[in-house]
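Derivation of every value follows stated rules applied to the coordinates shown; laboratory data play no part. Computed from a predicted structure; not experimentally measured. Reconstructed Cβ throughout: ideal geometry from the backbone, glycine too, with neighbour counts over all protein chains shown.
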Amino acid sequence: MKVYKIEEILNHLEDCIKYKKSFSHIRFGDGGIKFLHAILYKDMDQLNIIVKKEGLPTDEFVQIFELWGYYARNADYIDTPEVYFTQYFWNRMRSAKKSITQKTEQRLKMWKELYSRSEFDNKNYCNPESNYLMILRREEKKNLVDMMKGRKVALITARPDVIHSLEDYDIDIIEIAGHYHNQYENSFKKVVGIIENTANNYDFWMVAAGELGRLYSGIIKESGGRTVDIGFVVEFWLGQSIHPRLSVFMKRSDSNYLELQLTDAGLIFEDYI
């Protein structure tokens with residue numbers, strides 16, 4: 001099984017921008033794994049938690065599930081949690097001193113079954129942390145911040161105030177409703193309409209939109225655009241700390257507040273990132 005390195009993914013994106021080809025990078029993460037498991041195993045308690053937070057419509061579960069499969073099959077890269085169970089990447093933790101729950105670990109280790117049953121028939125894998133890894137500053141390697149320079153970019157996010165941190169870049173914000181504010185009802189159709197009408201107006205898109213973000217990413221590619229899933233990178237750009245599970249291995253760059261750098265503990269894995 002090949003897990004593509006960040007440099008390979010960004011070089012591919014660069015080529016797609018140059019030649020106006022469509023492109024999508026979609027991360028499902030442990031939230032996505034839990035949604036797949038809840039649907040396939042009819043875990044209504046888990047589904048209800050996801051629904052409330054992400055603003056998913058209860059009568060559209062099956063359609064969302066099927067669209068996830070469709071867009072995953074057509075994506076250029078989807079993530080795999082397998083990296084957490086190898087020697088090539090750090091373990092999945094809750095924080096520096098806390099392991100993930102046994103339940104979460106069990107779900108993550110079921111990923112092959114869940115992906116297969118969900119028809120995620122795509123072998124172009126990336127790291128689930130590739131959103132953060134894309135903003136690493138490493139010697140002689142391009143990162144996502146570099147790729148934003150001189151380009152027209154769209155960002156789908158519930159945090160429009162991030163534009164102040166990105167004032168040196170040409171970025172349009174497409175605002176969505178945030179967690180616990182019914183994103184599907186209040187944002188989804190509007191955003192889909194914007195994507196379908198403007199996907200190719202931008203060199204690339206960045207998506208930070210939770211579970212519905214996988215659908216936006218799929219629609220962007222289907223509409224001829226290019227997109228990367230950046231998730232909580234938006235909060236990092238707003239000045240928040242990265243997730244505690246990552247703080248042992250990465251920290252805010254000393255030279256650019258939009259970027260990360262590897263700590264000594266993270267440098268051990270640099271050749272595999």
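All alpha carbon pair distances within the range 172-234 were sorted into 10 Å bins beginning at 0; the resulting P(r) in whole percents reads 23, 60, 17, 0.
Database remark: amide H of R226 closer than 5 angstrom to the amide H of F23, W205 (H placed geometrically; neighbours at sequence offset of 5 or more, or on other chains; Pro and chain starts carry no H). Listing R138, R73 from fewest to most neighbouring C-beta atoms within 10 Å gives R73, R138.
Result for the chain in a Gaussian network model with C-alpha springs under 10 Å: among I230, I171, I49, the largest mean-square fluctuation is at I49. What's the whole-number percent of alpha carbon pairs in the range 186-273 lying beyond 18 angstrom? That tail contains 56 percent of the Cα-Cα pairs. If you run the Gaussian network model on the chain, springs between alpha carbon atoms under 10 Å, then out of R245, R94, R137 the most flexible one is R94. Residue-wise HN-Hα couplings along the range 26-36, as the Karplus relation 6.51 cos²θ - 1.76 cosθ + 1.60 with θ = phi - 60° gives them from phi, are 10, 10, 9, x, 6, x, x, 4, 5, 5, 4 Hz; Gly and Pro carry x. Size of the range 38-78 from its Cα atoms: along the principal axes, largest to smallest, the extents are 32, 21, 17 Å. Amide H to amide H, with H built 1.01 Å from N, F28 comes under 5 Å of D79, counting only residues 5 or more places away or on other chains.
Here log10 I(q)/I(0) by the Debye sum over Cα atoms at q = 0.07, 0.11, 0.16 Å⁻¹ was computed from the coordinates, and among [x] -0.31, -0.74, -1.29; [y] -0.23, -0.59, -1.38; [z] -0.40, -0.74, -1.13 the match is [y].
Checking the cross-link pairs K103/K142; K190/K221; K20/K141; K34/K142; K21/K190 against a 28 Å limit on the alpha carbon distance flags K103/K142; K34/K142 as lying beyond it. For K141, no residue has an amide H sitting under 5 Å from its own, ignoring neighbours fewer than 5 places away on the same chain, with H placed 1.01 Å from N. Highest mobility in the GNM of the chain, judged by mean-square fluctuation with C-alpha springs under 10 Å and restricted to S22, S95, S187, is found for S95.
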